[in-house]
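*Asks:* My questions all concern the structure below.
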Amino acid sequence: MPTTPTFASLAVPTSGEAITLVDGALRVPDQPIIPFIEGDGIGPDIWRAAQHVFDGAVTRAYGGARQIAWLEVFAG
């Protein structure tokens, strides 16, 4: 099991897991950690709406068995 890195100013989700490459194939856990940059040219208001749509799509597609653990990262 890979270790989770720590960062001074990032709050890594405790409920999520990393997406890994195993024997040349992606292993996507039920709660993958997906990084995002809020307002990366589209505006924070658009991101909040889009995130709600993404979460709803995952819930609908997987019946609540999977969800995204969002990780806000910073650029600049």
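Laboratory data are not the source of any read-out in this text; all were calculated from the coordinates shown. Keep in mind that this is a model prediction, so the values were computed, not measured. Note that we place each Cβ from the backbone using ideal geometry, even for glycine, and neighbour counts take in every protein chain shown.
*Asks:* Any chance you could run the full-extension gain for residue 72 through residue 25? It's 0.36 nm times the residue separation minus the Cα-Cα distance, nm to one decimal.
*Replies:* Result for the pair: 14.3 nm of gain on full extension.
*Asks:* If you don't mind, another one. Express as a percent, rounded to the nearest 5, the fraction of DSSP beta bridges in the chain (both residues included) that run antiparallel.
*Replies:* Of all bridge pairs located within the chain, approximately 40 percent are antiparallel.
*Asks:* Right, here's the next one. Suppose only helical runs count, i.e. DSSP H with n ≥ 4. What mean residue ellipticity at 222 nm does that imply for the chain under -39500 (n - 2.57) per run, divided by all residues and rounded to the nearest 500 deg cm²/dmol?
*Replies:* -8500 deg cm²/dmol
*Asks:* Right, another one. Note down, for segment 30-72, the three equivalent ellipsoid semi-axes (square root of 5 times each alpha carbon gyration tensor eigenvalue), biggest first, whole angstrom.
*Replies:* Its equivalent ellipsoid spans semi-axes of 21, 12, 5 Å.
*Asks:* Still on this structure: Which whole-Hz couplings ³J(HN,Hα) result when phi for each residue of segment 61-71 is put into the Karplus expression 6.51 cos²θ - 1.76 cosθ + 1.60, θ = phi - 60°, listed in order with x for Gly and Pro?
*Replies:* Per residue, the Karplus-derived 3J(HN,Hα) values read 5, 10, x, x, 6, 10, 7, 8, 9, 6, 10 Hz.
*Asks:* Same structure again: Can you give the net charge of the other residues whose Cβ lies under 12 Å from the Cβ of residue 48, counting K and R as +1 and D and E as -1?
*Replies:* Cβ neighbours under 12 Å give a net charge of -4.
*Asks:* Considering only C-alpha atoms, what is the centroid distance from segment 19-38 to segment 48-65, in Å?
*Replies:* Each part's Cα centre sits 17 Å from the other's.
*Asks:* For segment 30-74, which chymotrypsin sites (Phe, Trp or Tyr not before Pro) are in a loop by DSSP, counting at most 10 other Cβ atoms within 10 Å?
*Replies:* Qualifying residues, ordered by number: 74.
*Asks:* Turning to a different aspect of this structure: Starting from the amide H of residue 17, placed 1.01 Å from N in the peptide plane, find each other amide H under 5 Å away whose residue is 5 or more places distant or on another chain.
*Replies:* The answer is 31, 33.
*Asks:* Taking only the alpha-carbon positions of the chain and ignoring solvent, what does the Debye formula give for the base-10 log of I(q)/I(0) at q = 0.12, 0.18, 0.20, 0.23 Å⁻¹?
*Replies:* The Debye formula, applied to the Cα set alone, gives -0.40, -0.87, -1.02, -1.18.
*Asks:* Another question about this same structure. From the backbone phi of segment 45-59, what are the Karplus-calculated ³J(HN,Hα) couplings (6.51 cos²θ - 1.76 cosθ + 1.60, θ = phi - 60°) in whole Hz, Gly and Pro given as x?
*Replies:* 5, 5, 4, 4, 5, 5, 4, 4, 5, 4, 4, x, 5, 5, 4
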